[in-house]
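One structure, pasted below without further comment.
Every read-out reported here was derived from the displayed coordinates using simple, explicitly stated rules and does not represent laboratory data. No experiment lies behind these values; they were computed from the predicted model shown. Quick reminder, even Gly has a Cβ in these numbers, built from the backbone with ideal geometry, and neighbours come from all protein chains shown.
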Amino acid sequence: MSDIRVLIVDDEVDFLETIVKRLQDRGFIAKGAENGEQALDYLQHNTVDTVILDVKMPGMDGLQVLQTIKLRWPLVEVIMLTGHASVESGIQGMQLGAFDYVMKPARLDDLLQKIRQAVERKKLQEEKIHRAQNQ
Amino acid sequence: MHASGRDMNQNPQQEQAPAWLEDDRLLQAHKLAALGELSAGLAHEINNPLAVIRQEAELLGELLVPGILERFPDGQDIQDSLREIIRQVDRCKSITHNLLNYARKNDPIIQAVDVNEIVEDMVRLVEKEAKCRNILLTRDYQRDLPLVFTDAPQLRQVMLNLLNNAIQSITGRGEVAVSTRRGGPSNLEVRIRDTGCGIAPEYLERIFDPFFTTKSPGQGTGLGLSISQKIVARLGGTIRVQSALGQGSTFTVTLPINETGSNHA
Ligand SMILES: Nc1ncnc2c1ncn2[C@@H]1O[C@H](COP(=O)(O)OP(=O)(O)OP(=O)(O)O)[C@@H](O)[C@H]1O
Ligand SMILES: [Mg+2]
């Protein structure tokens, strides 16, 4: 579990600081970003396995950020966090390539489980591409 | 919002996008599919010469031992130039990497999945909207189901589409019942039953067609079921539908358990 790199994007700074700390306590390399622009900037300069992304943020909204991430770093898995669920946004997000949608507040154990699954998926995808490229 | 059965008969022109629009969208869909194939082919083709270029450049670098370079006035430039060639080749490699990835986007990634959990997660996502519309959501999940080897996000997408359809089929009060069960020795079933408007018999065989919709423009694109069916087929399963006009519909997704999950496409 030790070297999983997670980026959490949420404009609620208190929530952000707490979850970053809790993930770090569990051995993750966790980093917080307060908005989409910051997140994209971080991704530009750092390798990340999984992004946890709040759907509703001022500035770039979650779906926009998701779309950009999947376009520029398609292997990075994104878990969407949403407080007020709209079915429409859920369908859109899944179509844009989100790994999962999680309702806030999420239990940390559930979230950890999902992060692990997302990271496993990324690994499988990388292996697949590697095989395809070496055919 | 959903047209009632009678509305559908009165407005047959509404059932489908105008021909020119449909053509355009179909074209778009075909284009994307073709682009996917093209880019995969292209990526493969380009990878081989790229590997050769890189290898030759490295070889050149080794041949130009420092002693030789010093005899040229531009020795350092030659070395820089070689390094740049290798750098740019690596850049091209990352482009082909992305192209291959794009082409494989729809390729399932197989993981062990708890279907009850996936279904419940998606039910929770639509719960609030259902409540707002006075729709009762009930669950009946069979416990101790085996894990299924399948593509989790794609399955989520299917569940959301079916749940969304079920909710949209109900005007006024109604019920959406979601259940899971072992369907046989090697498969599971997820069932989504609604007490909505039902589907006219003459439409039943068309609902999985791309762009077939009875919803008013802006309400539905008619892609939900066709996408879902494609996904489920790729995952080795089926979607069945039973419906009685005015009474409701039941969509049943059958998924193979695939005990030996394999990611070899
Ligand atoms: N649960 C249901 N009850 C009644 N009719 C349904 C149900 N599910 C699907 N249909 C019918 O099948 C049509 C096609 O469904 P589909 O999900 O493919 O497209 P849509 O819901 O119209 O639009 P979209 O899903 O793209 O927003 C619907 O317009 C509707 O007429
Ligand atoms: Mg639909």
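HN-Hα J couplings of the stretch B:157-162 from phi, Karplus 6.51/-1.76/1.60, θ = phi - 60°, integer Hz, Gly and Pro as x?
4, 4, 4, 5, 4, 5
A follow-up question, please. Classify the stretch A:5-133 as rounded, prolate or oblate, taking a ≥ b ≥ c as the square roots of the eigenvalues of its Cα gyration tensor: rounded when a/c is under 1.5, otherwise prolate if a/b is larger than b/c and oblate if not. Before the final figure, lay out the partial values.
On the way: a/c = 1.40, a/b = 1.19, b/c = 1.17.
In terms of gyration-tensor shape, rounded.
Sticking with this one: Using a cut-off of 12 Å between beta-carbons, work out the net charge of the residues near A:Lys56 (Lys and Arg +1, Asp and Glu -1, A:Lys56 not included).
Working: positive: A:Lys104; negative: A:Asp10, A:Asp11, A:Glu12, A:Asp54, A:Asp61.
Surrounding charge for A:Lys56 is -4.
Rounding to the nearest 20 debye, state how big the charge dipole of the stretch A:5-133 is about its Cα centre with +1 on each Lys and Arg Cβ and -1 on each Asp and Glu Cβ. Let's see the in-between values first.
Working: 17 positive and 20 negative charges, 125 e Å.
Using only the charged Cβ atoms, the result is roughly 600 debye.
Using unit Cβ charges (K, R positive; D, E negative) and no other charged atoms, how large, in debye to the nearest 20, is the dipole of the protein assembly as shown about its Cα centre?
On the way: 45 positive and 54 negative charges, 225 e Å.
Dipole of the protein assembly as shown, to the nearest 20 debye: 1080 debye.
Continuing with this model, one more query. Counting only pairs 8 or more residues apart or on different chains, how many lysine pairs in chain A have their Cα atoms under 17 Å apart?
Details: A:Lys21/A:Lys31; A:Lys56/A:Lys104; A:Lys70/A:Lys122; A:Lys70/A:Lys123; A:Lys104/A:Lys114; A:Lys114/A:Lys122; A:Lys114/A:Lys123.
Lysine pair count for chain A: 7.
Search the structure for amide H atoms under 5 Å from the amide H of A:Ile52, placed 1.01 Å from N in the peptide plane, and list their residues when 5 or more places away or on another chain.
Hits under the 5 Å cutoff: A:Leu7, A:Ile8, A:Val9, A:Ile79.
Identify the trypsin sites (Lys or Arg not before Pro) of the stretch B:114-185 meeting these criteria: DSSP loop state and at most 11 other C-beta atoms within 10 Å of the C-beta. Before the final figure, lay out each step's value.
On the way: sites: B:Arg124, B:Lys128, B:Lys131, B:Arg133, B:Arg139, B:Arg143, B:Arg156, B:Arg173, B:Arg181, B:Arg182; in loops: B:Arg133, B:Arg143, B:Arg173.
Here the trypsin sites (Lys or Arg not before Pro) that fit, given the DSSP loop and packing criteria, are B:Arg143, B:Arg173.
Along the charge dipole of the stretch A:5-133, Cβ charges K/R +1 and D/E -1, which of A:Pro58, A:Ile129, A:Gly32 sits furthest on the positive end?
Towards the positive end, the residue furthest out is A:Ile129.
Which net charge results for the neighbourhood of B:Thr150, defined as the other residues with beta-carbon distances under 11 angstrom from its beta-carbon, given Lys and Arg at +1 and Asp and Glu at -1?
Values: positive: B:Arg156, B:Arg234; negative: B:Asp114, B:Asp151.
Taking every Cβ under 11 Å from that of B:Thr150, the sum is 0.
Give the residue list of trypsin sites (Lys or Arg not before Pro) in the stretch A:29-135 that are DSSP loop and have at most 11 other beta-carbon atoms within 10 angstrom.
Details: sites: A:Lys31, A:Lys56, A:Lys70, A:Arg72, A:Arg107, A:Lys114, A:Arg116, A:Arg121, A:Lys122, A:Lys123, A:Lys128, A:Arg131; in loops: A:Lys56, A:Arg107.
Loop-located and lightly packed - A:Arg107.
Okay, moving on. Any idea which of B:Ile207, B:Leu235, B:Gly246 is furthest toward the positive side of the dipole for the stretch B:143-265, if Lys and Arg beta-carbons carry +1 and Asp and Glu beta-carbons -1?
Of the candidates, B:Gly246 comes out farthest on the positive side.
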